[in-house]
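Note sheet for the following structure.
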Amino acid sequence: MPKSYDLIVLGSGPGGYVAAIRASQLGLKTAIVERENLGGICLNWGCIPTKAMLRSAEIFHNMKHAADYGLHAEKISADLDAVVKRSRGVAKQLNQGVTGLMKKNKIDVVMGDGTITAPGKLTVKTDKGDEELEAKNIIIATGARARDLPFAKADGKRIWTYRTAMTPPEMPKKLLVIGSGAIGIEFASFYNDMGADVTVVEMMDRIVPVEDEEISAFLLKSLKKQGMTIMTGAGVKSIDASAKGVKAEIEDSKGKKASHDFTHVIVAVGIQPNVETIGLDQLGIEPDERFHIKTDANCRTNIDGIYAIGDCTGGPWLAHKASHEGVIAAETIAGGHPHAMDTNNIPGCTYCHPQIASVGMTEARAKEAGHDVKVGKFPFIGNGKAIALGETEGFIKTIFDAKSGELLGAHMIGAEVTELIQGYTVGKTLETTEAELMNTVFPHPTLSEMMHESVLDAYDRVLHM
């Protein structure tokens, strides 16, 4: 007899385990199926351990600039193995935390490869053989993996995906990063701070292309100042890896091809959903044009009783979006009426050096949507706390609808902006206008004062510039 549940969650990443917890809170008998590690890619191989590595790089960078703070640090060096060990320790600690949360919420954990054999039925291949489960509802939360280039298959030696880049067999001397999205730029930033000679190749006409154009331009200037080689409008045409290194043919923005030598390559050209082996074809679940699962506003697929959340569905492909979708799906299954996801209110963060954070429309997108806009900007160099910290690189930009005063978007680059962006995210969720933001009292001295000044600047009322 198969074990019976109210809900089975397939995948235990930040979407899946949060969905299971919320379902249990709502009184649903819940099981979660995971083939590798509780917490999924984000916790074990993505969001969290990469931030641990970037923190090490940040401290190393600051140590090398100790004299700027009146301090003396001599014979500074980095131990890559120790950095990686710390990162893996952080991931292990959080994995154990998720394990504890499953026990606390009385969620059954089944380790193995799960396949949906029919609506409400799931077979899990475990170490002890096949285990049959059934439930009225199933949430697919299988996530995604790194996309390969046909001519640059990851080998774990010279050609890396993010997983190898997080547990590198050696420190790259001359590194090629293909792709300048969040993953590519974060690894480029980490290895550059650790001492590698880094080249980034981006096929679009600017780096971090989803961000506001002014943010992209500022980051480009900053990364070049840090010593990186950045090639935009360019493409890698071929990769020839050997025991000695990598030879890459790169076509630049003018169509000129040239051969370049590197010691290692990181491929960061996007993701593809993990949907091939979980039974979707037999069920008739509809994919979109990029093979992600189609869902409605409450995470329902086209098959009754089957839901999908996170990176196996449409973008943006962010852990916090997956978690919120997990709550929406669980509450819908339990008979609730949760608010539908508004992707325009989901913040995005890139933890490079300097950091990037944004929410809502870019200036160009707002204008394309027909808005008459008011734009405000304020630089870090005008903020007392930023000067005291020695972090004067960056700016904050806000975009408003000129007629209604609606906050359309906010874009930041600089120190700790990934912590600041949530203020604007709350404002957008509450449908705030410039009036509420202007009349909010910001503490002094803080970096957050720049948020206030940026709003004031949009309406010609800026105080410190």
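Which value, in Å², gives the accessible area per residue of the chain when a 1.4 Å probe is used on the protein heavy atoms?
About 48 Å² of surface per residue is accessible.
Contact order normalised by length for the chain, with contacts defined as Cα pairs under 8 Å and 6 or more residues apart; what percent is it?
15 percent
Just to be sure I follow: if Rg is taken over the C-alpha atoms of region 22-160 and Rh is the Kirkwood radius over the same atoms, what is Rg/Rh?
Here the Rg-to-Rh quotient is 1.13.
What translational diffusion coefficient, in µm²/s and rounded to a whole number, does the Stokes-Einstein relation yield for region 348-465 at 37 °C and a viscosity of 0.692 mPa s, taking the hydrodynamic radius as the Kirkwood radius over Cα pairs?
Using the Kirkwood radius from Cα pairs, D works out to 234 µm²/s.
Which one, Gly284, Ile346, His72, is farthest towards the positive end of the dipole of the chain when Lys and Arg carry +1 and Asp and Glu -1 on their Cβ?
His72
About the Cα centre of region 79-161, what is the dipole size in debye to 20, counting +1 per Lys and Arg Cβ and -1 per Asp and Glu Cβ, all else neutral?
For this selection, approximately 380 debye.
When the expected Rg is taken as 2.2 N^0.38 Å, what fraction or multiple of it is the alpha-carbon Rg of region 102-169?
For region 102-169, the normalised Cα radius of gyration comes out at 1.59.
Could you pull out the GluC sites (Glu not before Pro) across region 20-127 that fall in loop regions by DSSP (anything but H, G, I, E, B) with no more than 14 other Cβ atoms inside 10 Å?
Glu36, Glu74
Name the residue from Trp160, Gly120, Val208 whose Cα lies farthest towards the positive end of the charge dipole of region 88-212, charges +1 on Cβ of Lys and Arg and -1 on Cβ of Asp and Glu.
Gly120
Rank these by accessible area, largest first, 1.4 Å probe: His371, His337.
From most accessible down to least: His337, His371.
All other residues with a Cβ under 13 Å from the Cβ of Glu331 taken together, and with Lys, Arg as +1 and Asp, Glu as -1, what is their net charge?
In short, +1.
Could you work out, for region 284-338, what percent of all Cα-Cα pairs fall into each 10 Å distance bin, beginning at 0 Å and stopping at the bin that holds the largest distance?
Pairs per bin, as whole percents: 27, 55, 18, 0.
Straight-line reach from Lys104: which lysines fall under 19 Å, measuring Cα to Cα and dropping same-chain residues less than 8 apart?
Lys29, Lys92
Kindly provide the helix-only [θ] at 222 nm of the chain, computed as the sum of -39,500 (n - 2.57) over DSSP H runs of four or more divided by all residues, to the nearest 500 deg cm²/dmol?
-9500 deg cm²/dmol
At a threshold of 8 angstrom on Cα-Cα distance, excluding pairs fewer than six apart, so keeping six or more, what relative contact order does region 326-459 reach in percent?
27 percent
Given N residues in the chain, what is Rg(Cα) / (2.2 N^0.38 Å)?
Dividing the Cα radius of gyration by 2.2 N^0.38 Å gives 1.03.
So if I take the centroid of the Cα atoms in region 266-280 and the same for region 240-263, what is the distance between those two points in Å?
For region 266-280 versus region 240-263, the Cα centre distance is 27 Å.
What is the Å³ per residue value for the convex hull set by the Cα atoms of region 218-282?
176 Å³
Give me the net charge of Met1's neighbourhood, meaning all other residues with Cβ under 13 Å from the Cβ of Met1; Lys, Arg count +1, Asp, Glu -1.
-1
Using alpha carbons only, how many angstrom separate the centre of region 372-443 from the centre of region 290-343?
30 Å
Pairs Lys321/Lys374; Lys294/Lys321; Lys397/Lys428: which are spaced more than 18 Å apart, C-alpha to C-alpha?
Those over the limit are Lys321/Lys374.
From the C-alpha gyration tensor of region 4-87, pull out the three semi-axes of the equivalent ellipsoid (sqrt of 5λ each), sorted largest to smallest, in whole Å.
Details: eigenvalues 372, 34, 9 Å².
Semi-axes (√(5λ), whole Å): 43, 13, 7.
Taking the dipole about the Cα centre of region 282-385, with the C-beta of Lys and Arg at +1 and of Asp and Glu at -1, give me whichever of Gly305, Ile293, His324 is farthest to the positive side.
Sorting the options by dipole projection puts first His324.
Per the 1.4 Å probe, what fraction of the accessible area of the chain, in percent, lies on carbon and sulfur atoms?
52 percent
May I ask you to rank Tyr424, Tyr69, Tyr351, Tyr17 by accessible area, largest first, using a 1.4 Å probe over the protein chains only?
Details: Tyr424 5, Tyr69 100, Tyr351 75, Tyr17 45 Å².
Final ranking, largest accessible area leading: Tyr69, Tyr351, Tyr17, Tyr424.
Sequence neighbours fewer than 8 away in the same chain don't count; with that in mind, list the aspartates and glutamates whose C-alpha is under 18 Å from Lys125.
Glu34, Glu36, Asp108, Asp113, Glu134, Glu276
In debye, nearest 20: dipole of region 1-79 around its Cα centre with unit charges on the Cβ of K, R (+) and D, E (-)?
280 debye
Nearest 20 debye, what's the magnitude of the dipole of region 290-414 about its Cα centre given +1 on Lys and Arg Cβ and -1 on Asp and Glu Cβ?
So the magnitude is around 260 debye.
Write out the trypsin sites (Lys or Arg not before Pro) in region 232-276 meeting two conditions: DSSP loop, and at most 13 other Cβ atoms within 10 Å of their Cβ.
For trypsin sites (Lys or Arg not before Pro) across region 232-276 that sit outside H, G, I, E and B with at most 13 neighbouring Cβ atoms in 10 Å, the list reads Lys244, Lys254, Lys256.
The values are calculated or read from the model by the stated rules, or taken from the named source; none is laboratory data. Source: prediction; values computed, not measured. Cβ: placed from backbone, ideal geometry, glycine included. Neighbour counts: every protein chain shown. Just so you know, the surface numbers come from the protein's heavy atoms only, side chains and all, with ligands and any DNA or RNA stripped out. Shrake-Rupley method; radii C 1.70, N 1.55, O 1.52, S 1.80 Å.
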